[in-house]
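The values are calculated or read from the model by the stated rules, or taken from the named source; none is laboratory data. Keep in mind that what you see is a predicted model, and the values were worked out from it rather than measured. Here the Cβ is made from the backbone with ideal geometry for all residues, glycine too, and neighbour counts use every protein chain on show. Note: areas computed on protein heavy atoms with side chains; ligands, DNA, RNA excluded. Shrake-Rupley method; radii C 1.70, N 1.55, O 1.52, S 1.80 Å.
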Amino acid sequence: MRLSASPRPAGVLRLLALTLALVATWIFARNYVSGGMKTIRLPRWLAGSAPKETEAVKTKCDLSKPCPANFFAFKICSGAANVVGPSLCFENHMIMSPVKNNVGRGLNIALVNGTTGTVMRQKTFDMYSGDVQFLVKFLKEIPEGTLVLVASYDDPGTKMNSEVRQLFSSLGSSYADQLGFRDSWVFLGAKDLRSKSPFEQFLKNNPQTNKYEGWPELLELEGCVPLKIA
């Protein structure tokens, strides 16, 4: 009777290596591969060396950069023609906007306490067919230490008179004297400001340069204002 030869040691080692490789592959697939997403999860020791994603810094009112301490953040946007309404944001609080449905044709104005940042009032004044005396009364009753945010929409200047222009000039405006039919204007001033405000933009309605058929392009004004303007 002939006896079969026993397997060589080399063959046993190959079989063992193959078995271990299959087991290791199965463990890897089970532990590190997420079935539906096919996303490999790195082991903790390897994940620690991967670069961390830097999150974008969220600024108040989506400003291009954050304000320093003891400053308020604000952003004012004028209306786009007579289609898209303006918006006024202060310290990450949207005071007036088309989404809030509290803006209107003419001048959109918000009053904010210059020390606490509390919104005091907001109101829209129709400067095309409204009564300008309502605006005169509103501006004359603004208390000391109040920040005044203004955004135009559609037509801010038809009913503008010399009294209103003087009142806005006393708030620090440099362009109130020029404001006219369908001009674009954004402004932040303060009651009895001793100098002209640095926060103001103005575009004249000009058929040759208007972005929209009968209106100039919208304006966007953002910045940081000290807790108490003086």
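Look at the alpha carbon pairs under 8 Å that are at least 6 residues apart: their mean separation over the length of the stretch 77-133 gives a relative contact order of 24 percent.
Please label the shape of the stretch 86-145 as rounded, prolate or oblate, based on the square roots a ≥ b ≥ c of the eigenvalues of the alpha-carbon gyration tensor (a/c under 1.5 means rounded; beyond that, a/b larger than b/c means prolate, else oblate). The shape class here is oblate. Taking 0.36 nm per residue of sequence separation and removing the Cα-Cα distance, the SER169/SER64 pair yields an extension gain of 35.0 nm.
Is the shape of the stretch 101-230 rounded, prolate or oblate, going by the alpha carbon gyration tensor and its root eigenvalues a ≥ b ≥ c, with a/c under 1.5 for rounded and a/b larger than b/c for prolate?
Details: a/c = 1.72, a/b = 1.45, b/c = 1.19.
Prolate shape, in that a/c is at least 1.5 and a/b is the bigger ratio.
Modelled spin labels at ASP131 and THR209, positioned 7 Å past Cα toward Cβ, are 3.7 nm from each other. The heavy atoms of ASP155 offer some 0 square angstrom of accessible surface to a 1.4 angstrom probe.
Please work out whether the stretch 159-230 counts as rounded, prolate or oblate from its C-alpha gyration tensor, where a ≥ b ≥ c are the square roots of the eigenvalues and a/c under 1.5 means rounded, while otherwise a/b larger than b/c means prolate and anything else oblate?
On the way: a/c = 3.51, a/b = 1.56, b/c = 2.25.
It is oblate, given that a/c is not under 1.5 and a/b is not larger than b/c.
A simple spin-label model places the labels of ARG194 and GLU141 2.9 nm from each other, with each point 7 Å out along Cα-to-Cβ. If the chain linking LEU227 and PHE71 were pulled fully straight, counting 0.36 nm for each residue of separation and taking away their Cα-Cα distance, it would gain 55.6 nm.
Distance between the modelled labels on ASN82 and GLN201, one decimal in nanometres: 2.4 nm (7 Å Cα→Cβ projection).
Hey, got the dipole for the stretch 44-196? About the Cα centre, +1 on K and R Cβ, -1 on D and E Cβ, debye to the nearest 20?
Details: 18 positive and 14 negative charges, 76 e Å.
Roughly 360 debye for the stretch 44-196.
Remark: the stretch 129-230 carries a charge dipole of roughly 300 debye about the Cα centre, counting +1 on each Lys and Arg Cβ and -1 on each Asp and Glu Cβ.
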